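What follows is a short report on a single structure.
The values are calculated or read from the model by the stated rules, or taken from the named source; none is laboratory data. Fair warning: this is a prediction, and the values are worked out from it, not measured in the lab. Quick reminder, even Gly has a Cβ in these numbers, built from the backbone with ideal geometry, and neighbours come from all protein chains shown.
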Amino acid sequence: EENPIPSPPQKYNDLISALPLCTSLPHLSLRQYQGFWFPDNWLPSIMTMQNHFKARPTDLILASYPKSGTTWLKALAFAVTTRTRYPLADHPLLSLNPHDCVLCVDELFADGHASKAEALPSPRLLATHTPYSVLPDSVTSAESECQIIYVCREAKDVAISGWHFGQNIPWLHVEEQHLLAENLKLFCQGLGPFGPIWDHILEYWRESQRRPNKVLFLKYEEMMEKPVENVKRLAEFVGCPFSEGEEREKVVEEIVQLCSLEKLKNLEVNKTGTLASTNIPNASFFRKGEVGDWRNHLDPEMARSVDEVCEQKLRGSGLTL
Ligand code: A3P
């Protein structure tokens, strides 16, 4: 029997409206909560999640700052963990966008109930953009058995990817190119959805150092360079390593192929479909997937402004972007 949770608007509206507000971004309002900037329309669900999500020992949670490779990680983790269930030739990823295969726990509590999350059978594969320190204890406590895979991406490429994402979504359309400079200034102040990016990255990085068998820290650039090695790492981490037979039969390479940007981008579902939950065009999640695309958009001074703040914030952490 489910305990009804008061609907989020009633319970959280007063709390949310008292939080610091940022309306400098053209397409969304942000609220500062527990040190991070959240899209204010996500907060009711995230706060409900924080209070009511009960992680199971078998949960696998994919975490990321937006535009860091979430879609790719979802596809890869889904393909790896379900590989005995689905033949690669007739795979759900051929007809569903990765975001419809792996649901975002931040959005599952939008109706104020835990029921959607509770109804999912184990083992659950879920995703989140919520910073580590904001996740519920059932995920982060020392006793928690659930596992997290984080994907990190170089900050300038994240900023550029986010900029294009805003351009590609009809109702987020931002026309004037000079606004990119404005957008980047805000990014360097930590003002973006789930920002500051450096704190987001650092929290997961530190936890991956502290509990390496519970938090796996992947880098987008390393995955691009060595996809096979990184997919093997992922499979070992979640306790389903590829067998010698699978390696001989090139199953890892086939998964990498299935989840590649070229393959996914050109599927009918991703050319024409929209996300089940939000109506965002599937195509907006697939652009170039290039390391260093920032070079095509940022002048040296703009690039330096991002590098400087990230270097300063990450100094001493053992992590470089
Ligand atoms: P670019 O805008 O630089 O091309 P997210 O999935 O977190 O929203 O991030 C989106 C970024 O990941 C976009 O980067 C997108 O092109 C890239 N991406 C999407 N699917 C990918 C895949 N299968 N392989 C590599 N990169 C991918």
Across segment 135-153, what is the total count of residues that are in contact with a Gly (Cβ under 8 Å, 6 or more places away or on another chain) and surrounded by fewer than 21 Cβ atoms within 10 Å (Cβ to Cβ)? 0
Grab the helices (runs of 4 or more DSSP H) fully contained in segment 175-272, keeping just those with 1 or more residues being modelled with pLDDT of 95 or more and over 24 Å from C101 (Cβ atoms). 179-188, 197-210, 220-225, 244-248
Report, by residue number, each residue of segment 76-107 that is charged (D, E, K, R) and within 11 Å of the ligand (Cβ to nearest atom). none
Give me a count of the residues in segment 122-147 that are within 16 Å of the ligand (Cβ to nearest atom) and not in a loop (DSSP other than H, G, I, E, B). 4
Just for segment 293-321: of the residues that are charged (D, E, K, R) and in a loop (DSSP other than H, G, I, E, B), which one is nearest to G162 (Cα to Cα)? D299
Taking segment 282-311 on its own, how many of its residues are within 17 Å of the chain's Cα centre (by Cα) and either free of Cβ contacts under 8 Å to residues at least 40 places away in the same chain or surrounded by 18 or more Cβ atoms within 10 Å (Cβ to Cβ) (or both)? 5
Qualifying positions in segment 54-66 - surrounded by 24 or more Cβ atoms within 10 Å (Cβ to Cβ) and not in a strand (DSSP E or B): Y65
Long-range neighbours under 8 Å by Cβ, at least six apart or interchain, first residue farther than 28 Å from A142 by Cα within segment 210-232, second in a helix (DSSP H, G or I): E222/N230; M223/W72; M223/N230; P227/V256; V228/V252; V228/E253; V228/V256
Is it true that L319 is in contact (Cβ under 8 Å) with a residue 24 or more places away in the chain and more than 11 Å from the ligand (Cβ to nearest atom)? yes
Taking the condition assigned to a loop (DSSP other than H, G, I, E, B), more than 18 Å from T82 (Cβ to Cβ) and modelled with pLDDT of 95 or more, does K288 pass? yes
Where a residue in segment 60-75 is in contact (Cβ under 8 Å) with a residue 12 or more places away in the chain and within 8 Å of the ligand (Cβ to nearest atom) and its partner, wherever it lies, is assigned to a loop (DSSP other than H, G, I, E, B) and not hydrophobic (A, V, I, L, M, F, W, C), with Cβ under 6 Å and at least six apart: P66/H129; P66/P193; S68/R153; G69/R153
Unmet criterion (only one of (1) under 30 Å from A110 (Cα atoms); (2) surrounded by 16 or more Cβ atoms within 10 Å (Cβ to Cβ); (3) in contact (Cβ under 8 Å) with a residue 60 or more places away in the chain) for K265: (3)
Residues (in a helix (DSSP H, G or I) and under 18 Å from the mean Cα position of the chain (by Cα)) located in segment 94-103: P98, H99, D100, C101
Selection within segment 82-124 - over 16 Å from R56 (Cα atoms) and among the polar types (S, T, N, Q): T82, T84, S95, N97
I want to confirm something. Restricting to segment 199-228 and keeping residues that are among the aliphatic types (A, V, I, L, M) and within 16 Å of the ligand (Cβ to nearest atom), which single residue is surrounded by the most Cβ atoms within 10 Å (Cβ to Cβ)? I201
Quick one: in segment 21-43, of everything that is in a loop (DSSP other than H, G, I, E, B) and either among the small types (G, A, S) or in contact with a Lys or Arg (Cβ under 7 Å, 6 or more places away or on another chain) (or both), which residue is nearest to V105 (Cα to Cα)? D40
Quick one: which of D111, D106 is surrounded by 18 or more Cβ atoms within 10 Å (Cβ to Cβ) and either without any contact (Cβ under 8 Å) to a residue 40 or more places away in the chain or part of a loop (DSSP other than H, G, I, E, B) (or both)? D106
Working carefully through the options K185, K250, K232, find the one that is under 24 Å from P57 (Cα atoms), among the basic types (K, R) and either loosely packed, with under 14 Cβ neighbours inside 10 Å or away from the ligand (no atom under 16 Å from the Cβ) (or both). K232
